[in-house]
Amino acid sequence: MVKVVFTDHAGSEQSVEVATGVSIMEAAVSNGISGIDADCGGSCSCATCHVYVDKAWLGKLDAMNPDEDAMLGLSTDRQDNSRLSCQIRLRDELDGIAVTTPEFQF
Amino acid sequence: MSDSIVNEEIDRRPESKWSMVGKDPYSMPLEKIDLAHPGIWQENEFLPFLKRLREEAPVHYCAESATGPYWSVTKYKDIMEVDTSPHIYSSEPTIGIVDAYEQFTIPSFISMDPPKHDEQRRVVQGVVAPTNLKALEGLIRQRAQTILDGLPIGEEFDWVERVSIELTTQMLATLFDFPFEDRHKLTYWSDVATAIPGGGIIDNNEQRWAAMEDCLATFTRLWNERINAEPGNDLISMLAHGEATKNMPPMEYLGNILLLIVGGNDTTRNSITGGVLALNQFPEEYDKLRSDHSLIPNMVSEIIRWQTPLAYMRRTAKVDTVLNGQQIKKGEKVIMWYASGNQDDEVIENPERMIVDRPNARQHLSFGFGLHRCMGNRLAEMQLRIVWEEIMQRFERIEVVGEPERIYSSFVKGYAKMNVVLHPKKAA
Ligand code: HEM
Ligand code: FES
């Protein structure tokens, strides 16, 4: 199992434990974490699963593929640590990863 | 919505030999099925044709039609594949089934491919981002309240005209901070931009250009007013003061304004009407809603799925390709029937029902997916949420009387007229 820590835009924190292989988006949705809509169900084609990844964890992630980069380009509040959470698969090395959800998904 | 380039050709009139109205969807030859003909859409007979294609020919070639040959894609997952492969399926030259008359096209990013699409969209999308919409919510709500409070109780009237059109027009006026008394011009320009010459609104393309020039002149005047004033919350002020937008060439400004007006007009209007119709068809859902208003946001997504205000978007194959076993050649038209994907029971349970508390209601195709996913989707949802919150404060029931009249179009899925009677909430 891998732990994921979600913080919402107002600062309140919730953690969940999920199996490896699951995406951060799925971890959120299956545990009722609000702030992630995931309208496309994880196909990297809606950008409504946008999260900010804690800088300490950024380096451990696989690089973004061009589709994710392009979809994030549609977001108005993209930052350097923005990722689409459906594109991050949980591995043992990511145990404890911390992400913040934006105020709005767009 | 459509843009200036979606032209429903005049020779596609109801009595045309291409019409499938009144025909049995299962006994006609598969290859004769022509979803693009507007007849079955106006007569509300389209569902069994969509079902047959999903079952027997999910990627279907129609070789002969009033609009030329085209492919119909009807399954949810195939539509998703087309929508998310812009390098194979292009949005150029147009997203309507009829090819554009080039000289009468005002460029907008809905019919552009990356990288140009992405650059242009990025410049304007901030104006309809949720952060900005928050600032407009109060005024939009007030105006909705005024319209609803002015409606007759217990007496038959046309909901489309008195509510759906009026609300949508006022909401557009609010967004642009457009002179309120001139607001009907916005609807007129939207109608003209998409009208078929000879179809009642305009007689020829010269008239279209005259109206578009008036539109550009009006918005240029507003731009000049706003640029000389303090930055405001309205879309024009944001464009005029925005770093990335303030040097936009006039035609690009017009293209963007029109895309926002046209995009937000029929789609939202028909969702407002469609919601009322759906609650009348499924009274037990109306009961659920009455006992729990917190279902409104979920219901809004479900209404947008159930209505599917835009039946399709077109792509054009950029290369030879294969989709679900079918060979598609470079240059061929590929129509993604959102109206069918949203009825695909492999993905959506009991799709013909509007279920206010449907799980995963947001996972519908009505806004498209991928890079062209509807830019106004949060705005549309906000507008519908406000309208329904205000409706539920006031009326016990909106009763639909008789059958609505539907629009003659296979693209804009909506209503020309729908009579209703309002029943007020009993005093608590
Ligand atoms: C329920 C209401 C609405 C529906 C069902 C709807 C549907 C759609 C669809 C299906 C597309 C995809 C186009 C494609 O893939 O080629 C689209 C694009 C677009 N819509 Fe909407 N729309 C709605 C409301 C609005 C509103 C209120 C606006 C006004 C801001 C708007 C503005 C746009 C724009 C600008 C695009 C082009 C996006 C792009 O090409 O990147 N829409 N819409
Ligand atoms: S769920 Fe749609 S992009 Fe991640």
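Of the options B:THR168, B:GLY96, B:PRO249, report the single residue whose Cα projects farthest towards the positive end of the charge dipole of the protein assembly as shown (beta-carbon charges: Lys, Arg +1; Asp, Glu -1).
About the Cα centre, the residue reaching furthest to the positive side is B:PRO249.
Do any GluC sites (Glu not before Pro) in region B:103-199 lie in a DSSP loop with no more than 15 other beta carbon atoms within 10 Å, and if so, which?
On the way: sites: B:GLU119, B:GLU137, B:GLU155, B:GLU156, B:GLU161, B:GLU166, B:GLU181; in loops: B:GLU155, B:GLU156.
Those that pass, being in a loop and sparsely packed, are B:GLU155, B:GLU156.
Please work out the Cα center distance from region A:25-50 to region B:207-235, rounded to the nearest Å.
38 Å
Structure shown: which of B:LYS75/B:LYS333; B:LYS17/B:LYS329; B:LYS23/B:LYS75 lie over 26 Å apart, alpha-carbon to alpha-carbon? Please report the intermediate quantities before stating the final value.
On the way: B:LYS75/B:LYS333 17 Å; B:LYS17/B:LYS329 28 Å; B:LYS23/B:LYS75 23 Å.
Table pairs above 26 Å Cα-Cα are B:LYS17/B:LYS329.
Can you quote the Å³ per residue value for the convex hull of the Cα atoms in region A:2-100, rounded to an integer? Before the final figure, lay out each step's value.
Working: hull volume 9.0 nm³, N = 99.
For region A:2-100, the hull spanned by Cα atoms encloses 91 Å³ per residue.
Averaging sequence separations of C-alpha pairs under 8 Å and six or more residues apart, then dividing by the length of chain B, give the relative contact order as a whole percent.
25 percent
Give a residue-ordered list of calculated ³J(HN,Hα) values for region B:198-207 (Karplus: 6.51 cos²θ - 1.76 cosθ + 1.60, θ = phi - 60°; whole Hz; x for Gly, Pro).
Along region B:198-207, the couplings run x, x, x, 8, 10, 8, 7, 6, 4, 5 Hz.
Would you kindly derive the ³J(HN,Hα) couplings of region B:346-355 from the backbone phi angles with the Karplus curve 6.51 cos²θ - 1.76 cosθ + 1.60 (θ = phi - 60°), listing them in order in whole Hz, with x for Gly and Pro?
6, 10, 10, 6, 6, x, 6, 8, 8, 10
What is the set of long-range amide H partners of B:LEU323 at a cut-off below 5 Å, with H atoms built 1.01 Å from backbone N?
HN-HN under 5 Å from B:LEU323: B:ILE328.
Could you give me the ³J(HN,Hα) list for region B:379-384, computed from phi with Karplus coefficients 6.51, -1.76, 1.60 and θ = phi - 60°, whole Hz, x at Gly and Pro?
Values, residue by residue: 5, 4, 5, 5, 4, 5 Hz.
Once Rh is set to the Kirkwood radius over Cα pairs, what Stokes-Einstein translational diffusion coefficient, in µm²/s, holds for the protein assembly as shown at a temperature of 20 °C and a viscosity of 1.002 mPa s? Walk me through the numbers before you get to the answer.
Details: Rh = 24.2 Å.
Value of D from the Cα-based Kirkwood radius: 88 µm²/s.
Which ordering of B:LYS246, B:LYS413 is given by a fewest-first count of other beta-carbon atoms within 10 Å?
Working: B:LYS246 12, B:LYS413 25.
Ranked by crowding around the Cβ, least crowded first: B:LYS246, B:LYS413.
Among the aspartates and glutamates, which fall within straight-line cross-link reach of B:LYS318, defined as a Cα-Cα distance under 13 Å, with same-chain neighbours fewer than 8 residues apart omitted?
Within the straight-line limit of under 13 Å, B:LYS318 reaches these aspartates and glutamates: B:GLU92, B:ASP113, B:GLU332.
Where Rh denotes the Kirkwood radius from the mean inverse Cα pair distance, what is Rg over Rh for chain B? Mind showing how you got there, number by number?
On the way: Rg = 21.1 Å, Rh = 22.2 Å.
Over the Cα atoms of chain B, Rg/Rh equals 0.95.
Determine the shielding of peptide A:44-50 by partner chains: average, over its residues, the number of Cβ atoms on other chains within 10 angstrom of each Cβ. Don't skip to the end; give the middle numbers.
On the way: counts 3, 9, 9, 4, 4, 0, 0.
Across the residues of A:44-50, the mean count of other-chain Cβ atoms within 10 Å is 4.
Every number here is computed from the coordinates shown, using simple stated rules; none is lab data. Owing to the predicted nature of the structure, the values given are computational and were not obtained by experimental measurement. Note: ideal-geometry Cβ built from the backbone for every residue, glycine included; neighbour counts use all protein chains shown.
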